[in-house]
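Everything below concerns the one structure shown next.
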Number of protein chains: 2
Amino acid sequence: MIQHPAFTVAPWSVRESRLHTDVLAQTESVFALSNGHIGLRGNLDEGEPHGLPGTYLNSVYELRPLPYPEGGYGYPESGQTIVNVTNGKLIRLLVDDEPFDVRYGTLHGHERVLDLRAGTLVRRVRWSSPTGAEVRVTSTRLVSFTHRSVAAIRYEVEAVGRPLNIVVQSELVANETVPSMTSDPRAAAALEEPLVLEENTPALTGVGVMVHSTRQSRLRVAAGMRNEIDGPEGTRVEPDGGGHVNRVTVATRLRPGGRLRLDKFFAYGWSAKRSRPAMHDQVVAALAAARLAGWDGLCAEQRRYLDEFWAGADVEVDGDAEIQQAVRFGLFHLLQAGARLERRPIAGKGLTGSGYDGHAFWDTESFVLPVLTYTHPQAAADALCWRESIRPLAQERAVQLGLTGSAFPWRTINGEECSGYWPAGTAAFHVNADIADAVTRYVDATEDSRFERETGLPLLISTARLWCALGHHDAEGRYRIDGVTGPDEYSAVSDNNVYTNLMAQRNLRAAVDTATRHPDLAEKLGVSVEETARWRDGAAAMFVPYDDRLGVHPQSEGFTSHAVWDFAGTGPEQYPLLLHFPYFDLYRKQVVKQADLVLALHLCGESFTPDQKARDFAYYEALTVRDSSLSACTQSVMAAEVGDLELAYAYLGEAALMDLRDLEHNTRDGLHMASLAGAWTALVAGFGGMRAGGGRMCFAPRLPDGITRLAFRLRYRGRLLKVEVTPGATTYRLLGGRPITLSHHGEELHLAQEPVTLPTPAAPALHTEIRQPPGREPAPRRHGTA
Amino acid sequence: MIQHPAFTVAPWSVRESRLHTDVLAQTESVFALSNGHIGLRGNLDEGEPHGLPGTYLNSVYELRPLPYPEGGYGYPESGQTIVNVTNGKLIRLLVDDEPFDVRYGTLHGHERVLDLRAGTLVRRVRWSSPTGAEVRVTSTRLVSFTHRSVAAIRYEVEAVGRPLNIVVQSELVANETVPSMTSDPRAAAALEEPLVLEENTPALTGVGVMVHSTRQSRLRVAAGMRNEIDGPEGTRVEPDGGGHVNRVTVATRLRPGGRLRLDKFFAYGWSAKRSRPAMHDQVVAALAAARLAGWDGLCAEQRRYLDEFWAGADVEVDGDAEIQQAVRFGLFHLLQAGARLERRPIAGKGLTGSGYDGHAFWDTESFVLPVLTYTHPQAAADALCWRESIRPLAQERAVQLGLTGSAFPWRTINGEECSGYWPAGTAAFHVNADIADAVTRYVDATEDSRFERETGLPLLISTARLWCALGHHDAEGRYRIDGVTGPDEYSAVSDNNVYTNLMAQRNLRAAVDTATRHPDLAEKLGVSVEETARWRDGAAAMFVPYDDRLGVHPQSEGFTSHAVWDFAGTGPEQYPLLLHFPYFDLYRKQVVKQADLVLALHLCGESFTPDQKARDFAYYEALTVRDSSLSACTQSVMAAEVGDLELAYAYLGEAALMDLRDLEHNTRDGLHMASLAGAWTALVAGFGGMRAGGGRMCFAPRLPDGITRLAFRLRYRGRLLKVEVTPGATTYRLLGGRPITLSHHGEELHLAQEPVTLPTPAAPALHTEIRQPPGREPAPRRHGTA
């Protein structure tokens, strides 16, 4: 956990007021900049000290062997790992004879500010060398939303007190030494020097370029830079390059108060196909466009892009400044992860770190896209277009597994499965229904018919076909899906997981509906009337187990007969359980890592009565330990729905502060995109009660004590909506688009030009006692530290 | 499969009448010699060509890393692999200028005979070199049953036709190059040169000695040899040694018809503790004792040992010469695996090859020991004493897994778990009940009360404690064992596996009974009355699921609701299924690799009615594909019991000929001890209907068409029994020991001096059609090839 008050609470920024070198890796994640294509961790300009140096390009990975002590048919033999590509953010500084390094000399001040409206990371340092040479350094860094392949840094040095010799080295460096994330020496070896040099052209004519290739995956990466220098007369600039370094050295002498300014534009390109000269030219061209815009132009475009985003996405939270900051921080990083995807995936950590090897999971479709769909829908479309682009691989995988349709990978970068533990990987087929659900949601929210035809329908059909291969009718005519793994990773390979079965049911129905609406296209994709009939029948007969004795749904068939985990005998130091107990023990007992049945209550709410929801929620609360970041937000939503607003509020805090407070102690590896999304979800779907589908958006707002006003903006079917909730009343406003019919606590409301205000009702009475396993109650929050 | 008529069918030997170099590795396994301590594969004396060179010492292993693509708590980090130790059987021959190598020159004749009564492997060769120099070579090899650490070879060369220069090199060679059995380069590297030289003393004073240590496991291995030479005058003998070779070179000139004879005695010792000089002296001493016996003495002792064995173990099968040979071949190899264990394990392949890394599994307790218990009980005791010796490690493992009692490893050499795939390893807890069952069976068969107190009771208590940790009562008071894996490896991690639950029940009851009979000792082992009460209660409430609709027992809870495997759509080339289908698909469907519920029908027969047995057997026959060698014998036993004698006979053939016909195409890696045992089991427990327990031995003999007479000998409670079955009558004889009451088809019979003859009834009528999955019927047998 980030133990000290690391970040100042402010509505539109995240500020670190002094440097904490012990949590450097965590702050590098928090201060990461990205546009979904390029990702720069918040490493210090001068490169050292660092927690984890990181410069990423979406989908640039290296292959590594996946070793098994005992192999098996269909096990992936090769894994993919995100590669730390050429570091373009490196700017070294020599002050008199002394390298600027915060670990030496005296740091008089060190501030970093992530500005959520400007889209920049500003750093201000005042530092004296061990010999007393003092400088002010200010750097402003951005990864452009408008120039997809461009990042830029304005770097300023000012001499304080006495004249100083200043040397600035602006660099591109490849194959930085990265702390090993794997215990497998072969994998580590494969990733030690991932980039093979193909070209290193010094910036003699203004632009320095390096081109590399990855060793196994054969991806070509080009990085280029252009440095514009503004210094006193006599400032000398010298480009050079050798090995994996491309450098521009700027030497000058500053009088006291004198300044040297460097505007560094750097650009990336990568390709599996394009030649070295083509890649070279590509980055040179990108830099030309960036130079045309200039530093000020880039900054202005950045702000305009963000203004447009916030206009449709902002969430205002009065009464809780910490949550206010956190939800905007989360939305900002979600935008960063998705803005310029262009048919590439959103990884579990976005491009903020190398955690989970840079892989994308179901988190994207189930947690991240629901937010982007209503706030920045193009990003959701892009992420799903990536799924469609890897569908051929998913179909091959299905064939390999003896199935039909597509079997999307549990974790991947390039579309090939690289989960090395099939009970919690391949067997978690629900990822396919999650993709289908994201498709359905996006189409409902945007009416994007081109997407529906070109991307949505093929995805819906191929996933529906998978469920036909996975399901079968039993003697009583029930449609069963046996031997699969649901969301909860403390259970695996069980029969009739309720979440999976209900999501498969939605998947089948969506495929039927969409295929029926586009009969021409469906026919082209080989869908017959017989096939849609099978989908319809499978959905209709879908088996949803229920435990009559307990009056609850078992997470999977038989779950409620299992022994309940010995929570009383489990100490706080034994969490997360997976690090202290074997899987066999977790799997065979009633203990839940993360919302599973409860996620079904949220996403498939129409399949449960309010009474069932209340009883199910209470039952699973007592079993859920939240050893996963994919849980608190869902629990928050359902706590709000069943009426425990205080608990919902507590879970909101946990989801929202996951990374700003490093609650799971792994923010160093990158931010938790799903949990960042969870803050929005807990507020909008939880306290806002927002549910949408079938062309209808519904709200059921209620506020907990502590939030005095909640306002959020949404995009839905061409409308821009604003909902403003206070304890007494809720006001709906149409900020853009044609009139629309909404629902407020089940009551229809027609919204046109005029705002509509309706009372915010109190929460329903709670009939069941809700408690968590001992010691697993949501953590109490330290409010508003400075 | 050994495609050609490899071996002559003969009652007391296995003869290969010419050399088939394409199946060299298979014949090396078939012709392996062992005494349970030393194992020599049937490699040619001259070392090359070879399939897999192999010289093994029981429990000499090397450690190797177990890599996981995704690790987990409690996963073993280190594996163990049997090591090919110093090869002492190597004798090279130079004929004039030409090395004797069957791949060159002309092989006029090559015969190898494994003599099951003499306990020797005899080889007779007539060979001409490319230049026409002709020799007769005869070698006789034995691994002594009476001198545990000694093996010997008599090697004779005769010049044919013309005078010849003959050079014989008798060697000890360490770190032979062995074909890699692993795809993991690190593991392969670890095993490439496993032995580090500590001493190499040439045989200047008669005995040559080499001492090595294994690199990681730190085991010291000493090998010594003494060569006695009988050749014409002028024969020169020269010892030398260097590197990993210790050599005695014998040079002579033979006139036509002249002979050189070499008697090579070689001895092994190993220790984790003893010093190099101590190990040196140990092998020198063993060789002194062997020399005292001399070649003829060793051969005579070997025959006496085997005569004694066959007197209590022989099975006679009239009417089927192939089965007659196979059952004796199996018994011989079982004796070889178990004779001189002395608290070491019997591996799945014995000491005949490096398959399964030389690991011991539950096969030993469940398939091998039931045979040895009634034929060579000391070996059964030794194998169980090994289990007792590793109990401390099994208890540590239980603690690591959060359990109580002992959790014996799924696969191991040194007692530590080295299964790298927990769903089919750690989760297969039934191994613990299998050990307990073997204890109970041995004590019942021998009344060995010292064993019961010192070995049996601690094993029964610690395994009973495990079941108490694994089981729990559900709301209806049933005792459930959830999330474990039964014998069938095409299912895993399911609830209430009937085999596991019934075997756990027996385990608990045996612990109660034995603890009650030895209250003093039980108290010392911490057993309270409360604890035995818990065991009793758990056993009494043990849940055995039953499918009322189908009228059969599900293998595990829910099994019969799963989809039935698409057998019709599975081609013959897709077996074994595990090589062509993913585990997730096998696990979720009704398809059975090997007897599981059917093994329960055999071992826990008292828990099923005859009608249930018939219906269960028929149900599982239609689902069982026998992709494991641990199945046909059990299916044979149950087919006989339910009355399908023809089917029982077919399965007998499959079990009995597994290795002699290489039915599973992996005899090259070593023999299948369990399947070799299965021939006996199918004959004695199947057609003999033998069941024993609680001091009572019962028979229910019936013969299939094709076997005209079946006779077998058994040891039980100090008696030596002979049962002789013909289609019309069964005769029981007491060959030794006090009178005893037996049972014949449920009828009591008192057996004293006089033989008792009773009618052999016909099989009961079959009420159910019994069929296998298409294409998985037992293979038709080629009878009596020569």
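The values are calculated or read from the model by the stated rules, or taken from the named source; none is laboratory data. Fair warning: this is a prediction, and the values are worked out from it, not measured in the lab. Cβ placement follows ideal geometry from the backbone for every residue including glycine, while neighbour counts extend to all protein chains displayed. Quick note on the areas: whole protein, heavy atoms, side chains included, nothing else; ligands and nucleic acids left out. Shrake-Rupley method; radii C 1.70, N 1.55, O 1.52, S 1.80 Å.
Would you confirm, using the coordinates I've provided, whether B:Leu459 is of a type in the set (A, V, I, L, M), more than 19 Å from the chain's Cα centre (by Cα) and over 26 Å from B:Glu70 (Cβ atoms)?
Judged against the criteria, B:Leu459 is a match.
Could you run through segment B:250-274 and say how many residues are outside any strand (DSSP E or B), touching a residue at least 40 places away in the same chain (Cβ under 8 Å) and within 37 Å of the chain's Cα centre (by Cα)?
Result for segment B:250-274: 2.
Here are some residues: B:Glu748, B:Glu777, B:Glu769. Which one is free of Cβ contacts under 8 Å to residues at least 12 places away in the same chain and either in contact with a strand residue (DSSP E or B) (Cβ under 7 Å, 6 or more places away or on another chain) or assigned to a loop (DSSP other than H, G, I, E, B) (or both)?
Selected residue: B:Glu748, the only one of B:Glu748, B:Glu777, B:Glu769 that is free of Cβ contacts under 8 Å to residues at least 12 places away in the same chain and either in contact with a strand residue (DSSP E or B) (Cβ under 7 Å, 6 or more places away or on another chain) or assigned to a loop (DSSP other than H, G, I, E, B) (or both).
In segment A:2-12, is there at least one residue being modelled with pLDDT under 95, within 30 Å of A:Ser213 (Cα to Cα) and open to solvent by 10 Å² or more (accessible area, probe 1.4 Å)?
no
Answer with yes or no whether B:Ser462 is among the polar types (S, T, N, Q), touching a Gly at 6+ places or on another chain (Cβ under 6 Å) and buried (at least 23 other Cβ atoms within 10 Å of the Cβ).
It is true that B:Ser462 is among the polar types (S, T, N, Q), touching a Gly at 6+ places or on another chain (Cβ under 6 Å) and buried (at least 23 other Cβ atoms within 10 Å of the Cβ).
For A:Asn496, indicate whether it is touching a residue at least 60 places away in the same chain (Cβ under 8 Å) and touching a helix residue (DSSP H, G or I) at 6+ places or on another chain (Cβ under 6 Å).
In short, no.
Within segment A:17-24, can one find any residue that is farther than 30 Å from B:Leu586 by Cα, surrounded by 22 or more Cβ atoms within 10 Å (Cβ to Cβ) and more than 14 Å from every other protein chain (Cβ to nearest Cβ)?
Scanning segment A:17-24, I find no residue that is farther than 30 Å from B:Leu586 by Cα, surrounded by 22 or more Cβ atoms within 10 Å (Cβ to Cβ) and more than 14 Å from every other protein chain (Cβ to nearest Cβ), so the answer is no.
Would you mind telling me which numbered condition in (1) farther than 28 Å from A:Pro179 by Cα; (2) at pLDDT 95 or above; (3) part of a loop (DSSP other than H, G, I, E, B) A:Arg328 fails?
The one condition A:Arg328 does not meet is (3).
Can you tell me which residue is farthest from B:Arg441 (Cα to Cα) among those in segment B:351-387 that are hydrophobic (A, V, I, L, M, F, W, C) and in a loop (DSSP other than H, G, I, E, B)?
Among those that are hydrophobic (A, V, I, L, M, F, W, C) and in a loop (DSSP other than H, G, I, E, B), it is B:Leu351.
Pull up segment B:582-612, narrow it to residues that are surrounded by fewer than 19 Cβ atoms within 10 Å (Cβ to Cβ) and part of a helix (DSSP H, G or I), then point me to the one that is nearest to the other protein chains (Cβ to nearest Cβ).
Out of the qualifying residues, it is B:Gln612.
Applying the selection to segment A:707-765, what residues are among the charged types (D, E, K, R), open to solvent by 50 Å² or more (accessible area, probe 1.4 Å), over 24 Å from A:Gly319 (Cα atoms) and out of contact with any helix residue (DSSP H, G or I) (no Cβ under 8 Å at 6 or more places or on another chain)?
Answer for segment A:707-765, where residues must be among the charged types (D, E, K, R), open to solvent by 50 Å² or more (accessible area, probe 1.4 Å), over 24 Å from A:Gly319 (Cα atoms) and out of contact with any helix residue (DSSP H, G or I) (no Cβ under 8 Å at 6 or more places or on another chain): A:Arg738, A:Glu747, A:Glu748, A:Glu754.
Return the residues of segment B:619-646 that are assigned to a helix (DSSP H, G or I) and open to solvent by 20 Å² or more (accessible area, probe 1.4 Å); say none if nothing qualifies.
B:Tyr619, B:Glu641, B:Leu645, B:Glu646
Among residues belonging to segment A:145-166 that are among the small types (Gly, Ala, Ser) and assigned to a strand (DSSP E or B), point out the one that is farthest from A:Leu107 (Cα to Cα).
Per the stated criteria, the residue is A:Ala151.
Exactly one condition in (1) over 20 Å from A:Ala347 (Cβ atoms); (2) open to solvent by 10 Å² or more (accessible area, probe 1.4 Å) is not met by A:Ala436; state its number.
(2)
Out of the strands (runs of 3 or more DSSP E) lying entirely within segment B:650-741, which hold 2 or more residues that are of a type outside the set (S, T, N, Q) and farther than 26 Å from B:Thr364 by Cβ?
B:709-716, B:719-725, B:729-736
Go through (1) surrounded by 19 or more Cβ atoms within 10 Å (Cβ to Cβ); (2) touching a helix residue (DSSP H, G or I) at 6+ places or on another chain (Cβ under 7 Å); (3) part of a helix (DSSP H, G or I) one by one and return the number of the condition A:Pro345 breaks.
Going through (1) surrounded by 19 or more Cβ atoms within 10 Å (Cβ to Cβ); (2) touching a helix residue (DSSP H, G or I) at 6+ places or on another chain (Cβ under 7 Å); (3) part of a helix (DSSP H, G or I) one by one, A:Pro345 breaks only (3).
Within the bounds of segment A:128-144, is there any residue that is among the polar types (S, T, N, Q), within 14 Å of chain B (Cβ to nearest Cβ) and not in a helix (DSSP H, G or I)?
No, because not a single residue in segment A:128-144 is among the polar types (S, T, N, Q), within 14 Å of chain B (Cβ to nearest Cβ) and not in a helix (DSSP H, G or I).
Among the residues of segment B:552-581, write down those that are away from chain A (no Cβ under 13 Å), surrounded by fewer than 21 Cβ atoms within 10 Å (Cβ to Cβ) and in a loop (DSSP other than H, G, I, E, B).
Matches in segment B:552-581: B:Phe567, B:Ala568.
Of the residues that sit in segment B:56-94 and are more than 19 Å from B:Ile413 (Cα to Cα) and hydrophobic (A, V, I, L, M, F, W, C), which one is nearest to the other protein chains (Cβ to nearest Cβ)?
Here the residue is B:Leu90.
Identify all residues within segment A:414-435 that are touching a residue at least 12 places away in the same chain (Cβ under 8 Å) and facing chain B (nearest Cβ under 7 Å); write none if there are none.
Result: A:Gly420, A:Trp422, A:Pro423, A:Thr426, A:Ala427.
Being farther than 26 Å from B:Met225 by Cβ, touching a residue at least 60 places away in the same chain (Cβ under 8 Å) and open to solvent by 10 Å² or more (accessible area, probe 1.4 Å) is the requirement here; does B:Pro69 meet it?
Spelling it out, it is not the case that B:Pro69 is farther than 26 Å from B:Met225 by Cβ, touching a residue at least 60 places away in the same chain (Cβ under 8 Å) and open to solvent by 10 Å² or more (accessible area, probe 1.4 Å).
Could you grab me the full set of residues in segment B:288-321 that are assigned to a helix (DSSP H, G or I) and under 20 Å from the mean Cα position of the chain (by Cα)?
B:Tyr305, B:Leu306, B:Phe309, B:Trp310, B:Gly312, B:Ala313
Is at least one residue of segment A:414-427 part of a helix (DSSP H, G or I), open to solvent by 10 Å² or more (accessible area, probe 1.4 Å) and closer than 29 Å to A:Met697 by Cα?
Checking segment A:414-427: not a single residue is part of a helix (DSSP H, G or I), open to solvent by 10 Å² or more (accessible area, probe 1.4 Å) and closer than 29 Å to A:Met697 by Cα.
Collect the residues in segment B:394-413 that are within 11 Å of chain A (Cβ to nearest Cβ), touching a Pro at 6+ places or on another chain (Cβ under 8 Å) and aliphatic (A, V, I, L, M), keeping them in residue-number order.
Within segment B:394-413, just B:Leu401 meets the criteria.
Taking segment B:156-181 as the search range and keeping residues that are modelled with pLDDT of 95 or more and within 19 Å of B:Pro53 (Cα to Cα), which one is most open to solvent (accessible area, probe 1.4 Å)?
B:Gln169
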